[in-house]
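One structure below.
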Amino acid sequence: MSIRKCPSCGGEMELSISNKCLICPFCDTHIDVDIKDDGNTGLLDEKMFDFLWQLDSLKKYEKVAESIDSMRYCLNNLKIADSITDYIRTALITDTDVASEGINQERIDKVMPKISSLIEPNEHIIVYGDDGIFSRGKEFFVITDKRSIFVNGKKINAVQHNEVSVIRMNPNGGYPRWLLNNRSELAISGIGNKYRLQGAIAALICLYSWDARKEKIKLM
């Protein structure tokens, strides 16, 4: 299906996971359509992915669908890591629970003592997400251009992008979580209700993994 221009703002519209409408990610304009499901979330690159997930079972969760839609938009329309990084920085980072280099930098500065030993001098932090409900800086993840880092209290887990071969969508109670290498301790949450941000992060990790390994990623 060819990409349509949004009649309201001129942006490139994306197909919703329900295949019932086109959505503009910039102004939220909807256009009703009815397109037959192709079984792989609509045009994700089959050279990059092995599709093991049951898409029909995921569609019933609105928040999961929003996250997957964002992932697909980033991979199909933006296509390269730098463009997705710009998308994350300019369109999705909106409050102090999320940060990037130069955006809410004080949030990153506060947690750097916990993760500085894992980060190389030339490594760039793309996004910081705070999952702490009652206390900030206790439970968070940091995505750099080389690895993903997950902190839960004193527990710190990290995985380099070139080590990611499986990404599982876990619709936990209808709330999406992306599990890297199917490990619960390597989970990207929605950070409150930022499911588009979550999907964009998953897309970015997919591209980094593909660029480093040139091997298919399993979507579970």
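For the chain, what does -39500 (n - 2.57) per DSSP helix run (n ≥ 4), summed and divided by total residues, give at 222 nm, in deg cm²/dmol to the nearest 500?
Value at 222 nm, helices only: -7500 deg cm²/dmol.
Place a label point 7 angstrom from the Cα of THR94 along the Cα-to-Cβ direction, then list the residues of the range 166-210 whose backbone nitrogen is under 16 Å away.
Residues passing the 16 Å test: 190-201.
Mind running the shape call on the range 61-220? Use the C-alpha gyration tensor, a ≥ b ≥ c as the square roots of the eigenvalues: rounded below 1.5 for a/c, prolate if a/b tops b/c, oblate otherwise.
Rounded, because the longest to shortest axis ratio a/c is under 1.5.
Using a cut-off of 13 Å between beta-carbons, work out the net charge of the residues near ALA81 (Lys and Arg +1, Asp and Glu -1, ALA81 not included).
-1
Pull up the cross-link candidates among the lysines for LYS114, meaning alpha carbon to alpha carbon under 29 Å and not fewer than 8 places away within one chain.
LYS138, LYS146, LYS154, LYS155, LYS194
Considering only DSSP states other than H, G, I, E and B, which trypsin sites (Lys or Arg not before Pro) in the range 91-179 qualify as loop sites with at most 10 other Cβ atoms within 10 Å?
LYS154
Check which residues have an amide H placed less than 5 Å from SER100's amide H, if you skip close sequence neighbours.
Counting only residues 5 or more places away or on other chains, the set is TYR128.
With +1 on each Lys and Arg Cβ and -1 on each Asp and Glu Cβ, how big is the dipole of the range 124-214 about its Cα centre, in debye rounded to the nearest 20?
80 debye
Work out the charge dipole of the chain with +1 on the Cβ of Lys and Arg and -1 on the Cβ of Asp and Glu about the Cα centre, then indicate which of ALA200, CYS9, ASN162 is farthest towards its positive end.
Checked the options; the winner is ASN162.
Using Cα pairs closer than 8 Å and at least 6 residues apart in sequence, work out the relative contact order for the range 39-219, in percent.
28 percent
By how many nm would the segment from ASP32 to GLU106 grow when fully extended, if each residue of separation counts as 0.36 nm and the alpha-carbon distance is taken off?
Taking 0.36 nm per residue and subtracting the Cα distance, the gain is 22.4 nm.
Which of the chymotrypsin sites (Phe, Trp or Tyr not before Pro) found in the range 125-174 are in a DSSP loop and have at most 11 neighbouring Cβ atoms, other than their own, within 10 Å? Show your work: numbers first, answer last.
Details: sites: TYR128, PHE134, PHE140, PHE141, PHE150; in loops: PHE134.
Sites meeting the loop and neighbour criteria: PHE134.
By average Cβ neighbour count within 10 Å, what is the ranking of 44-57, 69-82 from highest down?
On the way: 44-57: 13.6, 69-82: 20.2.
Per-residue Cβ counts within 10 Å, averaged per peptide and sorted highest first, yield 69-82, 44-57.
Readers should treat all values here as calculations from the given coordinates under stated rules, not as data from a laboratory. Nothing here was measured: the structure is a model prediction, and the numbers come from that model. Glycine also receives a Cβ, built like all others from the backbone with ideal geometry; neighbour counts cover every protein chain displayed.
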